[in-house]
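The values are calculated or read from the model by the stated rules, or taken from the named source; none is laboratory data. Small disclaimer: the values here were computed from a predicted structure and weren't measured. Quick reminder, even Gly has a Cβ in these numbers, built from the backbone with ideal geometry, and neighbours come from all protein chains shown. Each accessible area value is taken on the protein alone, full model and side chains, heavy atoms only, with ligands, DNA and RNA left out. Shrake-Rupley method; radii C 1.70, N 1.55, O 1.52, S 1.80 Å.
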Amino acid sequence: MAASNSVQVKHVHVITPADPPPPCLLPLSAIDSQLFLRFTIEYLLIYTPSSALDRSTISSSFRAALSQLLVFYFPLSGRVRERPDGSGLEVVSRSQGALFLEAVSDCYSAADFDRPPRSVAEWRRFLAFSVEDVLDGSPPLVVQLTWLKDGAAAVGVGFNHCICDGIGSAEFLNSFADLAAGRLRAASELKPAPVWDRHLLNPQPQFCHRRSSSPPPEFQRVPDLCRFMSRFTDEPLVPTAVTFGKTHLTRLKSLAHSTRRPGVAAFTAFEVLAAHIWRSWARSLKLPSNQTLKLLFSINVRKRIKPNLPAGYYGNAFVLGCAQATAGELAEKKLDHAASLVKKAKERVGDEHVRHVAESVSDSRACPDSVGVLVLSQWSRLGLEKVDFGMGRPVHVGPVCSDRYCILLPVYNQTDAVKTMLAVPTSAVDKYESLVRNVAT
C-alpha cells in the first residue's frame, strides 16, 4: 500500500453555485433511496503531461466551471438525508457547496496507472476526502485535481450515488470538462439540460397489487453453503486488470456461438464477456458445486419504461439484471450457457419489472444480499473516455479503489477494447487470471 503521504493536499475549496437558487427540499425517488446505493461513485482519470499546461490556469478553470455548472446541478451542492417519516431520502438544498481539492504527488507518474494498484486502496489519496456515510452531511460531490511528478494530472471525482447514476455522473463530467476547457461558453448552453423529475421512478398506484408478491430475483437470498463472505474478509484481495481487445472479444463470441442452442439469438460482446468473467471468477474460488451464485449487473431503464424518461434525467435510472446458476453449472457447462443466462436476465427487464422493483424497495427496503454474488458495472459505455478538461482525453479511466466488484472500463485509443478490473482473494488470484486470460475454455 502506498504511504499516506504519497499525495499531499495543498488547498481545499468549498464551491457553491455562481447564482444560488432558493433553498428547497427535493425528494429522491424510490430507486434513488435504495439501501445498496448509499455509497460514493469514485472515478479516477489520468491525463498525460504537457508543457502547455499551466497549473494555476487549469485549477482556476476547474473552480469556475464547477461553480457555473452547480447552478443547473444545484442538488449536488446540497446534502442528502433520510426523510423525517423514513419513507426514503431527500436533498436539503441550501447551496452548502461541493468540495474541490488541489494536491500534488512526488511518488506517481502517468505510467504508474498502466498497471493495477498493488492493493485495493493504493490510490485512495487521489480522492482524499472519503465519504464513508453518504447521509452524514458530507458534500455529495468532491473533485480533486492532483499534479503528478512528471507533470501529468489525476482527477478524482466522488458522487453520492443516491443523487445520480453512472450515466448521469458521466454527463455531468463531460459538461464540467466542456466548460473548463472553453468548448461550452456558458452552463446555460447545456444540451440536454439536467432534469430532476424523480417522481417518475416512484411506485405507481396500478402496481399496488404487487405488495404481497415475491421480490425480484436480485433481492432473493440464497443459502450460504461455504461461509462465502469469509473468502473476501479473511484474506487480502488482490486487484487484477485484464484488457480484452477486439480480437479477444470476437474469439469469445465465436466460442459462445459454436455451442449455442437453436433458437437462441446471437450474443452481444457484453453478454459473452460478462459470462466469461463470471465463470472464471466462480471456478477460481473453488466453491461447492451446489452453491448458488448470482451475477448482478446494471441495466439502463431510461428507454425501457413507459413513457421513456426525459433526456437529461441524471438520477438513478437502472435496475439490476440477475443471472443465476450453481457453481457446478458454471464449471461444467460451456460459455454459451452462462451467456444465455445473462441475455435472459436482460430480456426480463421492461416497464413492469422496473415498477415491481420500485414497489419492492419502497415497501420492504429490499436489498441484494452478498452471498454468492458478483456485481459487474459497465463503465466502458458511459463516455468517461471523452472527458477532456483541456488536457486531452484521459489515458486511464478507473475506480479510485479496486474492490470485489468487477468494473468494465474503456481503453485509451482502442474503441472496441474493454479493460476489466476486479479484486480477487489471494488464494484465487492466480487461477482467476489464468482462466480469464484464456478465451479458449
*asked:* If a paramagnetic tag sat 7 Å from the Cα of Lys191 along the Cα-Cβ line, which residues of segment 347-382 would have the backbone N under 20 Å from that point?
replied: none
*Which order do peptides 51-61, 413-423, 301-311 fall in by mean Cβ count within 10 Å, highest first?*
413-423, 301-311, 51-61
_Dipole in debye (nearest 20) - segment 1-71, about Cα centre, beta carbon charges: Lys, Arg +1; Asp, Glu -1_ = 180 debye
*Among Ser33, Gly383, Gly372, which residue has its Cα positioned farthest towards the positive end of the charge dipole of the chain, with +1 placed on the Cβ of Lys and Arg, -1 on the Cβ of Asp and Glu, and the dipole taken about the Cα centre?*
Gly372
*Candidate lysines - alpha carbon under 25 Å from Lys344, same-chain residues fewer than 8 apart omitted*: Lys246, Lys253, Lys294, Lys303, Lys306, Lys333, Lys334, Lys419
_Debye, to nearest 20: dipole size of segment 35-111, +1 on Lys, Arg Cβ, -1 on Asp, Glu Cβ_ = 220 debye
*Rounded, prolate or oblate: which fits segment 229-437, taking a ≥ b ≥ c as square roots of the Cα gyration tensor eigenvalues, rounded meaning a/c under 1.5, else prolate when a/b beats b/c?*
rounded
*Can you put Glu132, Glu90, Glu82 in order of accessible area, largest first, using a 1.4 Å probe?*
Glu132, Glu82, Glu90
*What is the chain's relative contact order, in percent, from Cα pairs under 8 angstrom and six or more apart in sequence?*
23 percent
*Residues in segment 219-256 near a label at Ala269, defined as backbone nitrogen under 16 Å from the 7 Å Cα→Cβ point?*
242-256
*asked:* At R0 = 25 Å, how high is the FRET efficiency between Thr247 and Arg115 if r is their beta carbon distance? Nearest 0.05 is fine.
replied: 0.70
*Computed from these coordinates, which is mean projected area of the Cα convex hull in nm²: [x] 22.9; [y] 30.7; [z] 21.3?*
[z]
_Along the charge dipole of the chain, pointing to its positive end and built from +1/-1 on Cβ of Lys, Arg, Asp and Glu, which listed residue (Val272, Asn413, Pro307) has its Cα farthest out?_
Val272
*Order the peptides 230-239, 97-106 from the highest to the lowest mean number of other Cβ atoms within 10 Å of their residues.*
97-106, 230-239
*For Gln204 and Val92 in the same chain, what is the full-extension length gain: residue separation times 0.36 nm, less their Cα-Cα distance, in nm?*
37.8 nm
*Mind grabbing the accessible area of Val424 for me, 1.4 Å probe, Å², rounded to tens?*
0 Å²
*Specify which residue in the list Gln96, His13, Tyr47 is farthest towards the positive end of the charge dipole of segment 7-201, using unit charges on the beta carbon of Lys, Arg (+1) and Asp, Glu (-1), about the Cα centre.*
His13
*Pulled fully out, how much extra length does the chain show between Glu332 and Glu235, if you take 0.36 nm times their separation in residues and subtract their Cα-Cα distance?*
32.2 nm
*Hey, if we sort His11, His337, His396 by accessible area with the 1.4 Å probe, largest down, what's the order?*
His11, His337, His396
_Dipole magnitude of the chain, debye to nearest 20 (Cβ charges: Lys/Arg +1, Asp/Glu -1, about Cα centre)_ = 1180 debye
*May I ask for the net charge around Ser77, where only other residues with Cβ less than 14 Å from the Cβ of Ser77 are counted and Lys, Arg are +1 while Asp, Glu are -1?*
+2
*asked:* Report, to one decimal in Å, the Kirkwood hydrodynamic radius for segment 7-201 based on all distinct Cα pairs.
replied: 17.4 Å
